Each structure stands twice: as structure tokens, then as C-alpha cells.
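Right, one structure below, let's go through it.
The values are calculated or read from the model by the stated rules, or taken from the named source; none is laboratory data. Since the structure is predicted, the reported quantities are computational estimates derived from the model, not experimental observations. Neighbour counts run over all protein chains shown; Cβ positions are idealised from the backbone, glycine included.
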RNA sequence: UGGGGUGUCGCCAAGUGGUAAGGCAUCGGAUUUUGAUUCCGACAUUCGUAGGUUCGAUCCCUACCACCCCAGCCA
């Protein structure tokens, strides 16, 4: 089994344990707050496993809250897909799905409260002017001329903003904090903008929308979130988070004061996790869809054959810290493979067929063996591996003149047919162009279910009956990008690095037991790798068999 | 030249004043009708660098270096 490392003591768990021990909280509540502007990817999977995992492990709750404050980019397809992904990973959110937009009325009232307490003002500066007034990283900003408007005037103006009296972008509501703060986030951040855009939940009710920094912390507090975990880039938003929450909490308007804790986001080499760029791959048809098996999306990984347990194992192994969490794809693949190892049946399939005629095969006399679907798990059942006179083996398993160390079939050499006899290659039949067309081999009749006497046959190869095997479409995947960091190569667009060989479709011949396959059934094709029946295209009843290669087997043959 | 972070084995990652967990990878070896799996064993005298405090420092102090984030009416 996978030696599940104990949920590594990470620094956030240490904080949670301490809060529980000291009685600061009797129960923790975390939250996962995706913006529905794209599909969830492997980086979200890490964050999601952390937030939901924390709740699971400490008997707490985890809310699912869509951060739907920017109607221009958000849509319902994403809302649905995200929920599917989370359920698929096996997590359950607390109560109903929540939306930041559930709090739009509250948020509006609080904005008025900030205004009435002289902590917010309506600003008429244009976006360009605002940028100028903000100053730079090294120079202080300066106050907007509108900063000194009276509370009454601001109250009136903001009300009219809401009522649609002003054009989009004509005014914004800003918090009155400190224009010379070294922290840019505190230089009077805008918290409301005018934007006439149809919202997936609230329709056309609003023409002003609250912004992230203002919305997120208040939403957390309204839900009594105890630990609000996010990625590192929000570290210097924390003073703002605390500023907003403290003001409202002190005034008795909020039930809790959540704590924001930041950890590093996941970086997977040879892939991208920018939602904008993933969107581009889909919209430009560079991949088939968001769930293309080559996509690093949760939906893509699912279609590729990754399992929830495998993804969760991966996330756990990545850990939670504040140092850059850069990992290689094999690290992900190992977790997937490891989890599949003991949970899926094995069958034989030949991807690049080479025909063999068994010269001394006698129908009705030459025997066949029944074999378990998993060597360590007899409970998976068994099936007959029926030998026929003509079989296919994989082209890679034969070398006329073997290279050093090759222990498969050679001319004049012997090899074990898995679950069947030892055979010996007597003759190589070639085409006019010199390529091999078929092999003539003889069976050693004394080797069915037992080792030959007096000699050792080391090699074991897989095979299928040429006449009884089932042809199926197999989709072989390789990494989508050919460089480690496609996102970040100076002077180049990430699309230049798309691997032209990331998808290879071919035909495989699979043993007949495969006929009972159902979509999303996982298998190990022995000696080849793990495959999954495509969840949409595989339909055995209609005679259409389609398998996606999930991940190859480890290959320790050192050439 | 501002602010916020991070630097522990090839990659993740614990630890934190008492002499470096674990996982992945790698390398040996055993078992094996999958060159898979499984199993055993090896794998940082050293914690970005340089000083300092201390009986003792990866952990405290000082300086330095490298890298990441921040100037959206995005999240």
C-alpha cells in the first residue's frame, strides 16, 4: 500500500492545533473560494485538498464559496464544473454552496457604514489619474482632491452610483487609509466600481460591484471562517484584510475575525496553470476542451485516468509551506501509479502488433490457463487466457539480433508468454523490403504453469490472440509542453512550446475480457501502463472501445 | 533607492538552542510467469554566505547575497 505519510506537520496545521488546544476555536471553519472564471487545475487541487483536508482532519467544516464579484469573466458552466471537480475528489462542503454575491446587500450596507464613519469616499479620478496619484513602489502617493468630501456627500454620491446615475468607471468608492503607505494595497484601495454587466446570480440588480479585497474578508467573517488560507501573493493584502475586518468587527457588525494565512502555490514543471492561458488553449482549439486529457485541469486529469485518491496523495506529498513549491511531473505520476497499483485489474493488450504463428499449436489440445486479474488480489477475479495458433506480441519484444541485456524474444531464443507457455522463435519471415512480417515459434508443451526443467527462461512478454482479441482505439499522451517552464521563456509565447507529439492515436489489440468495460474503468495493460476507458467515447455496447493512457509503468531496464 | 516574503540532499519537506524526520528520485541486493509490484540496505559531519553571542546555533544577533510578490476601477 502507499505508505501514506502522516499528514505532514505543516505550519498551518500547527496553528490550527494550537488554536484548538488553547480554546481560541472549538471548531475550525475553512473555505475554498474559487472564482468561476475557468476550470480548476492541479494548483487548485492542492489548495482544495488543503482546505477541505484541514476541515476533515480536525473535525471542522469547509465552505465552498464562489468569488463572483467580477461578472464580466464569470459564468455558470464554470460554477457547475467546479462543483463536479470537488465532489469527484471526494470532498463535501459545508451546507449550501455559497456565493460572495449572497452578501452584496450586506456589503453595500457596510460600504455606507464606512462612508458614514469617514473611512471611505467617492473618487472621481479617472483610472489613469488614479494611477498617477498612487505613486510608485519607491515614492509616496498623494491624496485625491476628492478625498475630503463630506460623509454626507459621499453617502449621497454612493447611493446614486448604485442607482445608476453615473457612467461605468465614472466614479469609484475608495477606502480612506493612507496614500503614503509603503504597502501599495493600503493607498486608499478602490472597493466598488461601476460596471453595467449581467451577473450570473444577481442578474441586473446591481450596476456597482464590490472588489476582492473588500468582499473576501467580509465574506469570510460573515461565514465565521476561522482560518482563511490563500496563496503567497496575498501576503501584503493581509493588513488590508485585517483593517476592514477590525473596523467592522469592533463596531459589532461582524460575528468573527478570521485569520488569513498564506502558503505557496504549486508550480508543476512542463505545464502551465495560468487560467488565462489555459483558457487560450481551449478557445484557440489547441486542445479539445477544458477536459482534454493533456490539460492540467482536474477535469483533464480525470479524463486521463488519474484517480481522486491519486491526486489527493499527490497533494499530500507536495506539502504546505511558504517556500516555492516546484515539482516535476514524475512526482505527480508516481502518486497516480502508486494508487492505481493495488486498485485496478490487469489485462493484456498489444499496442504495436507483431504476428506469431505457433507452429506446433493444436486446436483442442494445446492448453490455456486461467489467470487472476491481479497477482496480489485474487478477489478481483480471473479469466481464461486462451491461446490460439496466431497471436500478437509487441514489436518491441522481439529483436532478431538482440542488444546487450535484452531479455525478451530473439531468433533462436526462448521467452515466456505471460500466463501461458514458453515459446522459442524458430524463424523470422520478412517482407520484400526486409521488414519483419511474422515470426514462427514453437511451444514447449511442458511449460504451461511450470518452469522448464534444466534451464531458466528469464523474459516474460505479454500477448493476445490474433483471432480473438478486440481492437480498440488507444490515445497515448505525452506532456503538453516541451520545456520546463513554458510560461516564462523570454521573448517567446508559451504556445510555441506545445509538444507536437502530445497526442498519438493508435489501435491496440486487447484480450476479450475487455468487452465488459464501462466508461472510466481503469486497467493496467501488463508491462505497458495504466489505461482508462474514456468516459465519453468508450461504449462497449456499441462496439466502440476507447482507452486513454493514464501513465506508463516504471521501466527499470537500463540500456 | 520602498514594502512584503523565501532560501535545509537532485525535487518536495519536518525540525528549531543540545548536536539534521519523512516522501519522491537515485544506487546496491533479494524475491518475481509484468525488466512492474514487494522486500531489504545505502543516501546532508550539514541547514544561502560571512561574521558575532553561547559550553553548544540550521535554530538567537548583525551584515551581505540570490530568488519571488506588490504601482487592475482582476482575483
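Name every residue in the range A:17-32 that is crowded, with 22+ Cβ neighbours inside 10 Å and either within 13 Å of RNA strand B (Cβ to nearest atom) or assigned to a helix (DSSP H, G or I) (or both), in order of residue number. Scanning the range A:17-32 gives A:31, A:32.
For residues in the range A:130-142 being in contact (Cβ under 8 Å) with a residue 12 or more places away in the chain and exposed (fewer than 14 other Cβ atoms within 10 Å of the Cβ), which is farthest from RNA strand B (Cβ to nearest atom)? Only one residue fits best here, namely A:140.
Flag: residue A:317 matches the condition of being within 11 Å of RNA strand B (Cβ to nearest atom) and at pLDDT 95 or above. Among the conditions (1) over 24 Å from residue A:552 (Cα atoms); (2) over 17 Å from the mean Cα position of the chain (by Cα); (3) near RNA strand B (Cβ under 10 Å from one of its atoms); (4) surrounded by 13 or more Cβ atoms within 10 Å (Cβ to Cβ), the only one that residue A:368 does not satisfy is (3).
Taking the criterion of being more than 8 Å from RNA strand B (Cβ to nearest atom) and either closer than 15 Å to residue A:463 by Cα or buried (at least 20 other Cβ atoms within 10 Å of the Cβ) (or both), the residues of the range A:398-409 that qualify are A:398, A:409. The residue list A:110, A:78 contains one member that is in a helix (DSSP H, G or I), over 16 Å from the mean Cα position of the chain (by Cα) and crowded, with 19+ Cβ neighbours inside 10 Å, which is A:110.
Okay, residues lined up against (1) part of a strand (DSSP E or B); (2) within 11 Å of RNA strand B (Cβ to nearest atom):
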{"position": "A:354", "(1), (2)": "yes, no"}
{"position": "A:357", "(1), (2)": "yes, no"}
{"position": "A:360", "(1), (2)": "no, no"}
{"position": "A:364", "(1), (2)": "no, no"}
{"position": "A:374", "(1), (2)": "no, yes"}
{"position": "A:384", "(1), (2)": "yes, no"}
{"position": "A:388", "(1), (2)": "no, no"}
{"position": "A:392", "(1), (2)": "yes, no"}
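The residue of the range A:538-559 that is surrounded by the fewest Cβ atoms within 10 Å (Cβ to Cβ), among those that are assigned to a loop (DSSP other than H, G, I, E, B) and free of Cβ contacts under 8 Å to residues at least 40 places away in the same chain, is A:556.
Picking from residues in the range A:166-185 that are more than 17 Å from residue A:196 (Cβ to Cβ) and in a loop (DSSP other than H, G, I, E, B), the one that is farthest from RNA strand B (Cβ to nearest atom) is A:176. Among residues of the range A:63-81 that are without any contact (Cβ under 8 Å) to a residue 40 or more places away in the chain and over 21 Å from residue A:227 (Cα atoms), those with a Cβ under 9 angstrom from a residue that is within 9 Å of RNA strand B (Cβ to nearest atom) and part of a loop (DSSP other than H, G, I, E, B), sequence gap 6+ or separate chain, pair up as A:73/A:35; A:73/A:37. One residue stands out in the range A:173-193 among those that are touching a helix residue (DSSP H, G or I) at 6+ places or on another chain (Cβ under 8 Å) and closer than 15 Å to residue A:107 by Cα: the one that is surrounded by the fewest Cβ atoms within 10 Å (Cβ to Cβ), namely A:190. Filtered by the rule that a residue be part of a loop (DSSP other than H, G, I, E, B), within 24 Å of residue A:353 (Cα to Cα) and within 7 Å of RNA strand B (Cβ to nearest atom), the range A:444-461 gives A:448, A:459. Every listed requirement among (1) free of Cβ contacts under 8 Å to residues at least 24 places away in the same chain; (2) over 24 Å from residue A:456 (Cβ atoms) is met by residue A:386 save one, (1). In the set (1) within 23 Å of residue A:336 (Cβ to Cβ); (2) touching a strand residue (DSSP E or B) at 6+ places or on another chain (Cβ under 8 Å); (3) surrounded by fewer than 19 Cβ atoms within 10 Å (Cβ to Cβ); (4) without any contact (Cβ under 8 Å) to a residue 40 or more places away in the chain, residue A:444 fails one condition alone, (1).
Yes or no: the range A:197-207 includes at least one residue that is surrounded by fewer than 21 Cβ atoms within 10 Å (Cβ to Cβ) and either assigned to a helix (DSSP H, G or I) or near RNA strand B (Cβ under 10 Å from one of its atoms) (or both). Looking through the range A:197-207, at least one residue is surrounded by fewer than 21 Cβ atoms within 10 Å (Cβ to Cβ) and either assigned to a helix (DSSP H, G or I) or near RNA strand B (Cβ under 10 Å from one of its atoms) (or both). Only residues that are more than 27 Å from residue A:197 (Cβ to Cβ) and in a loop (DSSP other than H, G, I, E, B) were counted in the range A:138-165, giving 10. Taken as a whole, the range A:45-64 holds no residue that is crowded, with 19+ Cβ neighbours inside 10 Å, within 13 Å of RNA strand B (Cβ to nearest atom), under 18 Å from the mean Cα position of the chain (by Cα) and within 22 Å of residue A:282 (Cα to Cα). Hey, any hits in the range A:417-438 for a residue that's part of a loop (DSSP other than H, G, I, E, B), under 26 Å from residue A:525 (Cβ atoms) and out of contact with any strand residue (DSSP E or B) (no Cβ under 8 Å at 6 or more places or on another chain)? Checking the range A:417-438: at least one residue is part of a loop (DSSP other than H, G, I, E, B), under 26 Å from residue A:525 (Cβ atoms) and out of contact with any strand residue (DSSP E or B) (no Cβ under 8 Å at 6 or more places or on another chain). Of all residues in the range A:320-340, which are in contact (Cβ under 8 Å) with a residue 12 or more places away in the chain, over 17 Å from residue A:48 (Cα atoms) and within 7 Å of RNA strand B (Cβ to nearest atom)? Across the range A:320-340, the qualifying residues are A:323, A:324, A:326, A:327, A:328, A:331, A:338.
Being on the phi > 0 side of the Ramachandran plot and either within 16 Å of RNA strand B (Cβ to nearest atom) or in contact with a helix residue (DSSP H, G or I) (Cβ under 6 Å, 6 or more places away or on another chain) (or both) holds for only one residue in A:543, A:529, A:552, and it is A:529. Pairs are defined by a Cβ separation below 6 Å, a sequence spacing of at least 6 or placement on different chains, a first member in the range A:516-529 that is in a strand (DSSP E or B), and a second member that is near RNA strand B (Cβ under 8 Å from one of its atoms); the pairs so defined are A:524/A:346; A:529/A:553.
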